Amino acid sequence: MYVRALSLLDFRSWERADLELPPGRTVFLGSNGNGKTNLVEAIGYLSTLGSHRVAADAPLIRIGASRARIGATVVNSGRELRVDVELNQGSANRAQINRSPVRRTREILGILQTVLFAPEDLSLVRGDPGERRRFLDELATARLPRLAGVRADYDKVLRQRSALLKSAGRHARSRSGSGAELSTLDVWDRHLAAHGSVLLAQRLRLVHELYPHLAQAYSGIAPESRPAAIGYRSATLPPEFLDPARAPRDDDAQVLESILLRELSTARPKELERGVCLVGPHRDDLDLMLGSAPAKGFASHGESWSFALALRLGAFELLRTQGSDPVLILDDVFAELDRRRRAALAAVAATAEQVLITAAVPEDVPAELDAHPLRVETTGAADHRTSRIAGQPVPTE
């Protein structure tokens, strides 16, 4: 799989861009702030409908513009598909496949698969559980695009149920009538358990299948270190479900739904008292272990980098088992790595169908990758700077 063409309109620092990209390795070179990361961020957005740098879409729209557009022609096993997304200020985003509108933007998921490694990935090891849940869910969705709908439905139910818990809890404390609210909670419990069980089943399957790829990648990066392992952490599930060696079963979602319903019933008094939802996959975490110790808080800086890199390399190897290489994106990471980690990353990059790299100077990129360089620069007045590829004019309508 590779991106043959990329087009941008009012995305970040790019007023317009139309690029032809070959398979193999391409490096975008430029000083910080020139817009090279914005290019790979746009490609990553088409893959996940999210940015690896910010949580909201608003910062992705060029200052002064009301909308931004990202488009790409994706080649997969000889077949071309065009995918476009329009990001709008104050209204819903829109998407197209082969120039035809789709009802929901998430319908484009699965057309382009990427694995992106960036300096922000250190938060996978050192950051909050939400970072690791996002890693799991985005990887699971790349493998099973329909999971995007399940995630959206779960988030909606969680918001509705949390609001109802706060309201019902206030009424219970003031001894005013809340029977109708408690009855409505039963309905939301069933919805949360139905969607949450599907999400949990896919996360557990992913941990089981990712584990050997992660362990192998880490041992190749840091052979002198303690062995790396991952496991799923949940206060809701029984221990047998949390063993990464446990093979997934076809009826896991049904069993997990029953467990969630039971735990929701048990936790309801505490939830009403606190006004928050205490049961469900939104409370879980991915355990990262080095030997017998958790990586978070115990790993050195180098071990943390190695673990973050191993997670991404493991994800890459897992996705390519489905028959097509994802696009490998390396955003300004070689400068952060020592020689051994550079070599390990370069060895994987050398086998990928397409690798897109950003770097400040050519010396940051291992010579053995023999990457095709494209230099990114900015032009214009200080208050209206725009990015472009050096030597190419800014495209016009």
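The values are calculated or read from the model by the stated rules, or taken from the named source; none is laboratory data. Only a predicted model underlies this, so the values are computations on that prediction, with no experimental measurement involved. For neighbour counting, all protein chains shown are included, and Cβ atoms are generated from backbone atoms with ideal geometry for every residue, glycine included. We work out accessible area using only protein heavy atoms, side chains counted, and drop any ligands, DNA or RNA first. Shrake-Rupley method; radii C 1.70, N 1.55, O 1.52, S 1.80 Å.
Between helix 252-274 and the chain there is an angle of about 70 degrees, using the helix long axis and the longest principal axis of the Cα atoms.
Per-residue ellipticity at 222 nm for the chain, helices alone: DSSP H runs ≥ 4 residues times -39500 (n - 2.57), over residue total, nearest 500 deg cm²/dmol? Can you show the working numbers first?
Numbers: 10 runs with 165 residues, N = 397.
That comes out to -14000 deg cm²/dmol.
Quick check: the angle from helix 179-221's long axis to the longest principal axis of the chain, C-alpha only, nearest 10 degrees? For helix 179-221, the angle is close to 40 degrees.
At the listed q of 0.11, 0.14 Å⁻¹, the Debye profile of segment 183-269, built from one uniform point per Cα, gives log10 I(q)/I(0) equal to -0.40, -0.57. Per the Kirkwood formula applied to alpha carbons, segment 102-161 shows a radius of gyration over Rh ratio, Rg over Rh, of 1.02.
With N residues in the chain, what two-decimal value do you get for its Cα radius of gyration over 2.2 N^0.38 Å?
Against the compact-globule rule of thumb, the ratio is 1.06.
Once the convex hull of all Cα atoms in segment 217-348 is built, its volume per residue stands at 164 Å³. Summarising the label geometry, the points placed 7 Å from Cα in the beta-carbon direction at residue 368 and residue 324 lie 2.9 nm from one another. Accessible surface for the chain, divided over its residues, is 45 Å² per residue with a 1.4 Å probe. Modelled spin labels at residue 187 and residue 270, positioned 7 Å past Cα toward Cβ, are 2.8 nm from each other.
For the chain, with all protein chains in place and a probe radius of 1.4 Å, 49% of the accessible heavy-atom surface sits on carbon or sulfur.
Give me the distance between the Cα centres of segment 199-277 and segment 37-106, rounded to whole Å. Distance between centres, Cα-based: 31 Å. By the equivalent-ellipsoid construction on the alpha carbon gyration tensor, segment 1-89 comes out with semi-axes of 21, 16, 11 Å, ordered largest to smallest.
Please go through segment 218-284 and write out the trypsin sites (Lys or Arg not before Pro) that DSSP classes as loop and that have at most 16 other C-beta atoms within 10 Å. For trypsin sites (Lys or Arg not before Pro) across segment 218-284 that sit outside H, G, I, E and B with at most 16 neighbouring Cβ atoms in 10 Å, the list reads 246, 249.
If you fit an axis through the alpha-carbon atoms of helix 339-349 and take the longest principal axis of the Cα set of the chain, what angle between them do you get, 0 to 90°, nearest 10? Helix 339-349 sits at roughly 90 degrees to that axis.
Under 14 Å from the Cβ of residue 95, count the other residues' Cβ atoms, weight Lys and Arg +1, Asp and Glu -1, and hand me the total.
Within the 14 Å Cβ shell, the charges total +4.
With one equal scatterer per alpha carbon and no solvent term, the Debye-computed log10 I(q)/I(0) for segment 252-330 at 0.27 1/Å reads -1.16.
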